[in-house]
1. Restrict the check to region 105-117 and report whether at least one residue is acidic (Asp, Glu), outside any strand (DSSP E or B) and either near the ligand (Cβ under 7 Å from one of its atoms) or more than 24 Å from Ser28 (Cα to Cα) (or both).
2. Could you list, in sequence order, all residues of region 115-167 that are acidic (Asp, Glu) and farther than 18 Å from Ala18 by Cα?
3. What are the pairs with Cβ atoms under 6 angstrom where one residue, in region 127-138, is closer than 21 Å to Thr88 by Cα and the other, located anywhere, is part of a strand (DSSP E or B) and within 6 Å of the ligand (Cβ to nearest atom)? Sequence gap at least six, or different chains.
4. Would a scan of region 122-129 turn up a residue that is more than 12 Å from the ligand (Cβ to nearest atom), part of a loop (DSSP other than H, G, I, E, B) and not small (Gly, Ala, Ser)?
5. Out of the residues in region 88-104 meeting the condition of being more than 6 Å from the ligand (Cβ to nearest atom) and assigned to a loop (DSSP other than H, G, I, E, B), tell me which one is surrounded by the fewest Cβ atoms within 10 Å (Cβ to Cβ).
6. In region 66-84, which residues are at pLDDT 95 or above and either surrounded by fewer than 18 Cβ atoms within 10 Å (Cβ to Cβ) or under 18 Å from Ser24 (Cβ atoms) (or both)?
Amino acid sequence: MHIREAKYSDIQQVADLAQLSIQSACESSYSFDQIKIWLDMFSEDIIEEIFEDENNLILVAVNQDNGGDDEADSDDEILSFGYLNLETAEIKGLYTHPDYTNQGCGATLLEFLETRATDNGILELFLDSSLNAVDFYKNFGYKEISSSEFVMPNGQSIPSVRMSKRL
Ligand SMILES: CC(C)(COP(=O)(O)OP(=O)(O)OC[C@H]1O[C@@H](n2cnc3c(N)ncnc32)[C@H](O)[C@@H]1OP(=O)(O)O)[C@@H](O)C(=O)NCCC(=O)NCCS
């Protein structure tokens with residue numbers, strides 16, 4: 001596995017991965033209607049906006065170890081992606097392709113995001129965890145602050161849990 005910054009050419013794969021990840025991992029914690037609301041948040045257009053926001057640092061875990069040669073990774077298969085907003089000090093999302101869960105991708109990406117946060121002077125990271133991922137984040141030292149919600153661009157929302165970790 002190799003971790004690198006995401007590029008515009010990754011948008012389609014990232015959008016597809018997010019849709020699959022939400023559908024497969026979250027049905028135990030959310031209703032069909034809630035999952036639909038969440039899926040709408042990761043349309044290709046919205047992923048494009050995420051990529052265009054210069055405050056977002058987006059990392060992907062890929063299955064090809066090309067020694068970090070950014071020119072040689074056009075055929076990478078993206079296993080997992082995560083992103084951090086450097087302005088708000090928030091992990092905004094972390095998604096692993098359903099075929100690659102429980103193989104360490106999420107943990108590795110989270111570790112890289114935390115390192116990049118520290119490098120940017122962030123002392124405490126915040127996030128809104130989906131209900132199904134609260135225990136995952138707890139494993140990495142995040143603590144629950146309060147019940148919260150993911151608010152979608154169209155104003156609809158689904159329940160989440162606000163968490164934080166001092167780096
Ligand atoms: C949560 C998620 C990102 C974890 O990714 P992953 O690549 O499977 O995680 P890893 O393989 O690195 O798991 C690391 C550890 O956490 C555990 N873990 C993984 N998912 C977990 C979960 N949902 N709850 C509790 N523990 C979890 C693993 O068993 C592993 O434990 P171990 O080190 O003792 O073996 C992935 O399940 C996912 O994409 N979920 C759907 C999207 C989502 O809800 N994302 C969070 C939104 S903020």
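1. Within region 105-117 (the criterion being acidic (Asp, Glu), outside any strand (DSSP E or B) and either near the ligand (Cβ under 7 Å from one of its atoms) or more than 24 Å from Ser28 (Cα to Cα) (or both)), the answer is yes, since at least one residue qualifies.
2. Residues satisfying the conditions are Asp119, Glu124, Asp135, Glu144, Glu149.
3. Listed by first residue and then by second, the contacts come to Tyr137/Ser129.
4. Yes, that holds for at least one residue.
5. Thr88
6. Within region 66-84, Ile78, Leu79, Ser80, Phe81, Gly82 meet the criteria.
The values are calculated or read from the model by the stated rules, or taken from the named source; none is laboratory data. In this text, all values refer to a predicted model and were calculated from it rather than measured experimentally. Ideal geometry is used to build each Cβ from the backbone, glycine not excepted, and the neighbour counts take in all protein chains shown.
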